[in-house]
Amino acid sequence: MSASLRTGRLLLRRWEPADREPFAAMNADPEVMEHFPAPLTLAESDALVDAIEARFDEHGFGFWAVEVAGTGRFIGFTGLSVPRFHAPFMPAVEIGWRLARSAWGHGYATEAARGALGFGFGDLGLDEVVSFTSTTNLKSQAVMKRLGMTHDPADDFDHPLVEEGHRLRRHLLWRLRAADWHGRKAG
């Protein structure tokens, strides 16, 4: 299990106590949380950090805290996770990210996700990684495209943890197979 990953500009690492405050501020930001059912309270944000850390212990991977290398500035998370809900594409490993607004527009999500995918397809030997988001989240969909993920509308689903009738219930599923990842890197 990798405690940390480095990319050109970023450090993906395990969570530290000092990450909790900026993470809570990020999770309380309505713009950051636009594509989630609601912003998180401080207690919910802290519980999410605890759950992320527990998944590292359980699976040997998870959502790493992301900081800008050389600055120590926490900007969000990126990594791999095993979703805990039932859907037609399960079981699966997903890649996900959430960044503070100040980190948007710098290519950090794509860069960090590429590092996490390299770990997943290399160190973990995964055959496939998925990602999913609400139909309204065009920024995350753009990252998925840049990563080389593919979308088949037949895979789209109603997220079981989002209440029926909610504007965010419908989700798009994106996939990336290891062979395609390795082929892109070779090309």
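Conditions tested, residue by residue: (1) at positive phi; (2) touching a Leu at 6+ places or on another chain (Cβ under 8 Å); (3) assigned to a strand (DSSP E or B).
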| residue | (1), (2), (3) |
| --- | --- |
| 92 | no, no, no |
| 98 | no, no, yes |
| 139 | no, no, no |
| 142 | no, no, no |
| 145 | no, no, no |
| 148 | yes, yes, no |
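Applying the selection to the range 107-136, what residues are open to solvent by less than 20 Å² (accessible area, probe 1.4 Å) and within 26 Å of residue 86 (Cβ to Cβ)?
113, 116, 117, 120, 121, 129, 130, 131, 133, 134
Give the number of residues within the range 166-180 that are surrounded by fewer than 17 Cβ atoms within 10 Å (Cβ to Cβ) and assigned to a strand (DSSP E or B).
Count: 2.
Check 31, 16, 94 and return the single one that is in contact (Cβ under 8 Å) with a residue 12 or more places away in the chain, exposed (fewer than 13 other Cβ atoms within 10 Å of the Cβ), under 23 Å from residue 168 (Cα atoms) and out of contact with any His (no Cβ under 8 Å at 6 or more places or on another chain).
31
Is the range 51-72 home to any residue that is open to solvent by 50 Å² or more (accessible area, probe 1.4 Å) and in contact with a helix residue (DSSP H, G or I) (Cβ under 8 Å, 6 or more places away or on another chain)?
The answer is no; no qualifying residue exists.
Touching a Phe, Trp or Tyr at 6+ places or on another chain (Cβ under 8 Å) and either of a type in the set (Lys, Arg) or open to solvent by less than 20 Å² (accessible area, probe 1.4 Å) (or both) - does that describe any residue in the range 37-47?
Yes, the range 37-47 contains a residue that is touching a Phe, Trp or Tyr at 6+ places or on another chain (Cβ under 8 Å) and either of a type in the set (Lys, Arg) or open to solvent by less than 20 Å² (accessible area, probe 1.4 Å) (or both).
All but one of (1) in contact (Cβ under 8 Å) with a residue 60 or more places away in the chain; (2) farther than 21 Å from residue 34 by Cα hold for residue 101; state the number of the condition that does not hold.
(2)
The values are calculated or read from the model by the stated rules, or taken from the named source; none is laboratory data. Everything numeric in this text was worked out from a predicted model, so none of it was measured. All Cβ positions, even for glycine, are placed from backbone atoms using ideal geometry, and neighbour counts span all protein chains on display. These accessible areas exclude ligands, DNA and RNA; they are computed on the full protein's heavy atoms, side chains included. Shrake-Rupley method; radii C 1.70, N 1.55, O 1.52, S 1.80 Å.
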